[in-house]
Amino acid sequence: MTNKPAPTEVAIHELIAGRWSPRAYSSEPVSREHLHAVLEAARWAPSSYNAQPWRFVVFDRSVDEVSFKKAFATLVPFNQGWNAPAPVLIAVTTHTLTNKGEVNRCAPYDAGAAAMALVLQAHALGLAAHQMSGFDANAFRTAFELPNDVDVISIISLGHYGEVDKLDPVLREREKSVRQRLPLADIAYGGGWKKAF
Ligand SMILES: Cc1cc2nc3c(=O)[nH]c(=O)nc-3n(C[C@H](O)[C@H](O)[C@H](O)COP(=O)(O)O)c2cc1C
């Protein structure tokens, strides 16, 4: 299953409506060309003062299985389950301080924007990408000796679409269910807090 477009209230671009978070991966490796492309998309994300605080740590099972397994081990058991065949994990990290040593309060926002560019490019290439906060950030920090001013925010799994029927029954149903969002009226206000748009 490669396609699960959002049932949008108004028409939006296919790239945005079509991106979703699949869980059924095949074990086929991701080409270096495709990996470069998703990272390049992230590179061109906007950021406050063009600080580009994001740093991506790529774990490609076909290139370095030892490091891949170390990163995989930090995922919570639920995420380890469906990611078992996934060929690539990408840790989204960010520098948390500005050049002046002050807290960069836009850093997580900027890293999120870069992550979104990455997953949209993955979708455009026909790849499956799934962002995860379900991992042990402290274990990741220790395992990969992150500097103190760097936070690891999410881990993205990346790969080719696999067979939904190989997922366990609960996840199989979730994979096929209609994507949900709050109504537009609940998330967009006009001219003041909670005023109708
Ligand atoms: C920051 C972030 C963390 C997430 N963490 C997990 C996770 O640990 N495990 C998981 O299965 N999905 C995770 N998701 C996927 C969300 O559940 C998914 O994006 C949401 O249900 C909307 O579905 P969609 O992306 O298909 O539109 C995460 C998504 C984001 C953006």
Exercise. Can you list the residues, at least 5 places off or on another chain, whose amide H is less than 5 Å from the amide H of E28, using H built in the peptide plane?
Worked result: H160
Exercise. For the stretch 1-102, which GluC sites (Glu not before Pro) are in a loop by DSSP, counting at most 15 other Cβ atoms within 10 Å?
Worked result: E9, E102
Exercise. Hey, any idea what % of the stretch 1-148's accessible area is carbon plus sulfur with a 1.4 Å probe?
Worked result: 55 percent
Problem set entry | Distance-filtered residues of the stretch 1-31 - backbone nitrogen under 12 Å, label point 7 angstrom along A196 Cα→Cβ | none
For this session: Sum up the lysine pairs in the chain that clear both bars: alpha-carbon distance under 25 Å and a spacing of 8 or more or different chains.
Result: 5
Problem set entry | Added length on full extension, which subtracts the Cα-Cα distance from 0.36 nm per residue, S26 to R55 | 7.8 nm
Seminar exercise, completed: Length gained, R105-D186, 0.36 nm per residue minus C-alpha separation, equals 26.6 nm
For this session: Report the chymotrypsin sites (Phe, Trp or Tyr not before Pro) located in the stretch 18-89 that are in a DSSP loop and have at most 16 other Cβ atoms inside 10 Å of their Cβ, or state none.
Result: W44
For this session: Compare D149, D165, D186 by solvent-accessible area with a 1.4 Å probe and give them largest first, with all protein chains kept in place.
Result: D165, D186, D149
Problem set entry | Whole-Hz couplings from phi, Karplus 6.51/-1.76/1.60, listed for the stretch 94-109; x for Gly and Pro | 9, 5, 9, 10, 6, 4, 8, x, 8, 5, 8, 6, 8, 4, x, 4
Problem set entry | Using θ = phi - 60° and Karplus 6.51 cos²θ - 1.76 cosθ + 1.60, couplings along the stretch 64-79 (whole Hz; Gly, Pro as x) | 8, 5, 5, 5, 4, 5, 5, 5, 4, 5, 7, 5, 5, x, 4, 6
Exercise. Can you run phi through the Karplus equation (6.51, -1.76, 1.60; θ = phi - 60°) for the stretch 3-9 and list ³J(HN,Hα) in whole Hz, with x for Gly and Pro?
Worked result: 9, 8, x, 5, x, 6, 6
Exercise. Given a 1.4 Å probe, how much area per residue of the chain is accessible, in Å²?
Worked result: 58 Å²
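The values are calculated or read from the model by the stated rules, or taken from the named source; none is laboratory data. Remember, it's a predicted structure, so these values are computed and weren't measured experimentally. Neighbour counts run over all protein chains shown; Cβ positions are idealised from the backbone, glycine included. Just so you know, the surface numbers come from the protein's heavy atoms only, side chains and all, with ligands and any DNA or RNA stripped out. Shrake-Rupley method; radii C 1.70, N 1.55, O 1.52, S 1.80 Å.
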